[in-house]
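Student: First the structure, which I've put down as structure tokens, then a few questions once you've had a look.
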Amino acid sequence: MLHSLSDSLKEVFKPPYEFNELAKQAFMIGYKSFGLVAITGFIIGLVLTIQSRPTLAKFGAESLLAAMVAVSIVREIGPVITALIFAGKVGSGIGAELASMKVTEQIDAMQVSWTNPFKYLVVTRVVAATLMLPMLVLFSDAVGLLGAFVGVNLKGDVSSTLFFSYIFNSLEYKDLIPAIVKTFFFGFAIGLIGCYKGYYSDKGTEGVGKAANSAVVFASLAVFIIDMIAVQITSLLNY
């Protein structure tokens with residue numbers, strides 16, 4: 001795994017650059033995940049708002065609902081849940097795709113034809129995952145806040161101007177920037193683990209299923225570990 005990490009970092013900066021394949025993977029990984037991310041983000045915002053309202057109402061703090069939901073989504077829930085969805089969809093897809101290419105000996109054929117399969121297959125997917133996940137998280141946050149607005153108005157009547165003014169007044173750069181920075185590490189880990197599990201999978205059709213399954217499990221675990229480290233670093237910087 002560490003060998004793959006060092007190889008990926010070195011190959012990113014070495015020519016030739018596979019821009020066409022990178023653009024293709026960015027489209028496949030990012031654009032085709034927008035629908036799933038949008039549905040998930042909307043439901044997160046809606047459910048979190050509905051579940052939080054009764055608790056805040058007990059303390060007479062219902063006016064803080066918009067601010068609390070916004071900070072929760074932007075800081076933690078949006079990035080982590082989106083990364084887990086990303087790991088399930090993209091991580092498993094990358095693992096299964098590369099494992100099937102290995103089973104059908106397409107990777108060996110690329111080596112024979114003087115094409116660097118590691119650079120063409122692994123580096124492009126890792127870079128695409130690293131770049132696209134932060135964009136998906138920003139989109140998920142926006143849709144989640146829209147879902148929160150719908151949730152607030154299920155048992156109330158709050159104008160969009162008032163609702164979003166509460167949100168923007170409650171959010172600060174220290175809420176947004178660390179949350180976005182850690183998503184680059186989420187994307188890198190998910191892409192790297194998916195590629196590693198597929199590229200070095202066991203030969204045979206059984207290896208394809210194992211690669212896809214283990215890619216999801218380890219990528220999801222990596223998201224939690226990175227998030228834990230990021231939270232500790234952010235806490236130290238804020239004090």
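The values are calculated or read from the model by the stated rules, or taken from the named source; none is laboratory data. Remember, it's a predicted structure, so these values are computed and weren't measured experimentally. Positions of Cβ are backbone-derived with ideal geometry, glycine not excepted, and every protein chain shown enters the neighbour counts.
Student: Restricting to the stretch 189-215, what's the tally of residues that are in a helix (DSSP H, G or I) and more than 29 Å from P79 (Cα to Cα)? Before you say what the answer is, go through the steps one by one.
Tutor: Pass one, the stretch 189-215, residues in a helix (DSSP H, G or I): 189-199, 205-215.
After this cut, where a residue has to be more than 29 Å from P79 (Cα to Cα) as well, the list is 205-207.
Looking only at that region, the number is 3.
Student: Still on this structure, please answer the following. Any idea which of (1) at pLDDT 85 or above; (2) closer than 30 Å to S159 by Cα; (3) surrounded by fewer than 20 Cβ atoms within 10 Å (Cβ to Cβ) is the one V74 doesn't satisfy?
Tutor: Evaluating V74 over (1) at pLDDT 85 or above; (2) closer than 30 Å to S159 by Cα; (3) surrounded by fewer than 20 Cβ atoms within 10 Å (Cβ to Cβ) leaves (3) as the failure.
Student: Return the only residue of K102, K89 being crowded, with 20+ Cβ neighbours inside 10 Å and of a type in the set (D, E, K, R).
Tutor: Details: K89 fails: crowded, with 20+ Cβ neighbours inside 10 Å.
Just one listed residue meets the conditions, K102.
Student: When you look at G198, is it of a type outside the set (F, W, Y) and closer than 16 Å to S92 by Cβ, yes or no?
Tutor: Values: of a type outside the set (F, W, Y): yes; closer than 16 Å to S92 by Cβ: yes.
Yes.
Student: Return only the number of the condition from (1) surrounded by 15 or more Cβ atoms within 10 Å (Cβ to Cβ); (2) not in a helix (DSSP H, G or I) that A67 does not satisfy.
Tutor: The single condition A67 does not satisfy is (2).
So that you can scan it fast, the table gives a plain yes or no per residue for (1) under 22 Å from V231 (Cα atoms); (2) touching a residue at least 12 places away in the same chain (Cβ under 8 Å):
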residue: T82; (1), (2): yes, yes
residue: I85; (1), (2): yes, yes
residue: G91; (1), (2): no, yes
residue: Q106; (1), (2): no, no
residue: Y120; (1), (2): no, yes
residue: V123; (1), (2): no, yes
residue: M135; (1), (2): yes, yes
residue: V143; (1), (2): no, yes
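Student: Output the number of residues of the stretch 134-166 satisfying the condition of being over 17 Å from I85 (Cβ atoms), surrounded by fewer than 19 Cβ atoms within 10 Å (Cβ to Cβ) and either among the aliphatic types (A, V, I, L, M) or under 19 Å from the mean Cα position of the chain (by Cα) (or both).
Tutor: 5
Student: On to the next question. Can you tell me which residue within the stretch 167-216, out of those that are in contact with a helix residue (DSSP H, G or I) (Cβ under 7 Å, 6 or more places away or on another chain) and among the basic types (K, R), is modelled with the highest pLDDT? If you could, list the steps in order and put the result at the bottom.
Tutor: Of the stretch 167-216, the ones in contact with a helix residue (DSSP H, G or I) (Cβ under 7 Å, 6 or more places away or on another chain) are 167, 170-171, 174-176, 178-180, 182-199, 201-205, 207-208, 211-212, 214-216.
Going one step further and asking which of them are among the basic types (K, R), we end up with 174, 182, 197, 203.
On the way: K174: 82, K182: 94, K197: 88, K203: 71.
The residue in question is K182.
Student: Restrict the check to the stretch 103-120 and report whether at least one residue is at pLDDT below 90, assigned to a helix (DSSP H, G or I) and touching a Gly at 6+ places or on another chain (Cβ under 7 Å). Reasoning before the result, please.
Tutor: Let us first name the residues in the stretch 103-120 that are at pLDDT below 90, namely 103-120.
Now narrow it down to the ones that are assigned to a helix (DSSP H, G or I): 103, 106-112, 117-120.
Subsequent filtering for residues that are touching a Gly at 6+ places or on another chain (Cβ under 7 Å) retains 103.
Checked the stretch 103-120: at least one residue is at pLDDT below 90, assigned to a helix (DSSP H, G or I) and touching a Gly at 6+ places or on another chain (Cβ under 7 Å).
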